[in-house]
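Heads up: the structure comes next, in structure tokens.
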């Protein structure tokens, strides 16, 4: 397939790419079963040195950060109900450890690498999470981001005091109040200069520079103040992954970076344009200040034949039941109800037909889409885009996403860990740098995640047009002068016709696509 993007034909690059490694504290992550490949080390996720080695490798290549996905329950839809056997046996994001715990040792071994951590708003009190994130922001020197998700697994809800999750739009209503509480704790309850450390007068913190936030809302009552002093970023870099109607309304107001996924640029381009427009028209934000990161899994070889051979070898090591378990958790659809050779184009599920139609357009060489074809498709790269080819071909594809979808960078999923990242570093980054698409070094060595992510030295706090900035209690402003912004009207998210889980909604794992592209550029 010939690359058609303008940059490959000689035009100037639009922007330098933001690159994060996409991982989870489990084995395999997006590529179920590949933990058994002899070159894969993802099963070492319980070893802190595994994470330290990865962080040092990524920082040596000047990756912007590590984006750490998470789930709070198991994938129990396939062969269900509540059947975890396939996930447990295959290691399909099971077992999975808590993500924030691995950040501080990685930060201690690095200087500039950022860390985006997934935490769901639905299952944790804001006062507690504000403390945890502030603590790690302090310990990392301001290198933490928060991937704000609302959850998507009923298995998580059942283990956290509920029989099932709140409805989709209600989860976003909860998240809207939740983030306002966080802004108040992080930005408003301590003045910038509250901590004085005056040894002569024995004053650690000036009490006149600390205040209660007195939040009383529908879902939360939090008097405050925040129990931590302001951290280097005050508010961590805010990441989000929702592209449902409610998710886009939330993201256009609060997100500084948005994780998108789809089988090709055209799938996500409309959502990106829509969010940028909403951010400008509804909330007065600079639409270009919101950075979009696409999920992609690159399989790279020095020749096209080598890349293709790698891809086929990886597929042979994938776990079919694990893939079907992931598909069930991501979509709420149990493919066990269909025969192995039954064509899915003609089943009664609109969701399945929509997904298969997208895959068919991306991979026209597949004659018949069955549950086995779908599972094999998922085994390398999950439900996101997979690109197979030489460094030149993969770089062309990266540029195509920039041109056609207006993405700002990529969350790179691995097939093999750390092998996929090694291939990116050794083979792809030199080509991206040759084209002027990736920086040579961090903008601010030892800087905050927000500084290096935005490329703006000194921008440790949210930008002036971001809603969090309106809450900040600045130095020199008296307690009575600082007014906490009034509660906004709840985001009006329209109710969409829905499945149990909407295929385009955000999820706890940091975003997913209903379609996949295994593109071999030529």
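Give, in nm to one decimal, the length gained when the segment between residue 46 and residue 404 is fully stretched (0.36 nm per residue of separation minus the Cα-Cα distance).
Taking 0.36 nm per residue and subtracting the Cα distance, the gain is 124.9 nm.
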How do 444, 117 rank when sorted from fewest to most other Cβ atoms within 10 Å of their own Cβ?
444, 117
May I ask for the distance between the Cα centers of the range 287-309 and the range 164-216, given as a whole number of Å?
39
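Taking the beta-carbon count within 10 Å as an exposure proxy, list 228, 297 from fewest neighbours to most.
228, 297
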Checking the a/c ratio against 1.5 first, then a/b against b/c, what shape does the Cα gyration tensor give for the range 245-353?
oblate
Calculated from DSSP H runs of 4 or more alone, at -39500 (n - 2.57) each and per residue, what is the 222 nm mean residue ellipticity of the chain, nearest 500?
-9500 deg cm²/dmol
Could you calculate the contour length gain from residue 162 to residue 214, that is, 0.36 nm times the residue separation minus the distance between their Cα atoms, to one decimal place in nm?
16.0 nm
Can you put 377, 482 in order, fewest other beta carbons within 10 Å first?
482, 377
Please compute the Kirkwood hydrodynamic radius over the chain, one decimal place, Å, based on all pairs of different Cα atoms.
23.4
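Quote the Stokes-Einstein diffusion coefficient, in whole µm² s⁻¹, for the range 359-449, based on the Kirkwood radius over alpha carbon pairs, a temperature of 20 °C and a viscosity of 1.002 mPa s.
139
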Output the peptides 108-115, 303-310, 30-37, 272-279 sorted from most to least packed, where packing is the average of other Cβ atoms within 10 Å over each peptide's residues.
30-37, 108-115, 272-279, 303-310
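Read-outs throughout are calculated quantities, based only on the coordinates presented, and are distinct from any laboratory measurement. For clarity, every value in this text was computed on a predicted model and none was experimentally measured. Glycine also receives a Cβ, built like all others from the backbone with ideal geometry; neighbour counts cover every protein chain displayed.
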